[in-house]
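This report refers to the structure that appears directly beneath it.
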Amino acid sequence: MTQVALFLIPLFGITWTLGLLWRPPAAPEGMGAFLAHLLPSVWAPTIIALIVTRATEGAGGVRKELRARLRHGHRSAGWLLLAGILPIVAAGAAIFSARAAGDGAPFVPPAAILPTIGLQLVTGAVGEELGWRGFLLPRLARRLGEMGSAWTMALLWGLWHVPAFFTPGMPHRTWPLISTLLFIGLFGVFLAFLFNRTGQSVLATMLAHLSLNIMLAIGGVRLSSVVFWRILAGIYGALAVLATVTSRRRLSHIDHDRFVTLDEDSC
């Protein structure tokens with residue numbers, strides 16, 4: 001678990017320092033200043049993961065890790081489709097429910113949609129996945145198993161977001177803390193499920209994360225809405241339970257097949 005510690009300690013140190021201690025620069029004026037504060041945090045997972053891999057496994061380890069995590073398996077097309085569509089459907093249902101409850105807000109104008117998507121491409125969805133899912137998740141799985149690592153990673157991922165709720169200038173300051181963190185953790189379990197079903201590639205998790213973030217950025221709802229985040233948490237809570245049950249059954253079948261094979265070989 002040395003690599004896990006080498007990843008988590010500086011990651012939380014950097015993010016929590018920027019979010020909780022480095023407060024004056026955290027209320028920037030203008031998009032450039034905002035990104036200058038935000039990007040070091042959201043890209044820290046990937047950068048730290050690559051540094052730790054380079055330090056412990058060498059340059060060859062980095063190349064091997066990138067090839068393994070950025071590949072597209074021939075059987076993963078359906079999962080990629082699910083990754084792109086399901087967050088849009090879930091967020092759409094939550095937006096509809098929140099608007100019906102009186103928590104509606106304007107959508108971004110059509111001219112701002114492409115810049116909005118471009119901004120999401122350089123922030124969290126792409127910057128986080130190689131670190132959290134690509135690096136941390138398989139290393140936790142060696143000790144905790146597939147779903148144990150999924151839930152543990154999701155808890156850590158949620159805690160990692162906590163400083164954003166207390167950082168001046170961040171939109172999270174108006175979001176309901178408990179409901180949002182609950183959703184983040186449950187969404188993390190869903191991302192872990194996608195990661196494992198696509199041969200431990202982060203392409204599907206990046207796509208799902210990006211789809212969600214774009215939906216949040218497009219608007220239509222006040223993100224201070226408790227209804228919105230509770231609906232999302234409910235949807236992904238059900239998916240997390242389903243993922244846990246199906247993963248356990250799948251692993252049980254795999255273990256049973258291995259036992260039968262070994263028993264036949266011994267005859």
Expected single match for modelled with pLDDT under 90 and crowded, with 20+ Cβ neighbours inside 10 Å among A150, A125, A154 is A125
Out of the range 193-234, which residues are surrounded by fewer than 23 Cβ atoms within 10 Å (Cβ to Cβ), assigned to a loop (DSSP other than H, G, I, E, B) and not polar (S, T, N, Q)? G199, R222, L223
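Here's the yes/no breakdown for (1) without any contact (Cβ under 8 Å) to a residue 40 or more places away in the chain; (2) under 14 Å from the mean Cα position of the chain (by Cα); (3) in a helix (DSSP H, G or I):
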position	(1), (2), (3)
F96	yes, no, yes
A111	yes, no, yes
A125	no, yes, yes
P138	no, no, yes
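The values are calculated or read from the model by the stated rules, or taken from the named source; none is laboratory data. Worth saying up front: this structure is predicted, and the values here are computed from it rather than measured. Note that we place each Cβ from the backbone using ideal geometry, even for glycine, and neighbour counts take in every protein chain shown.
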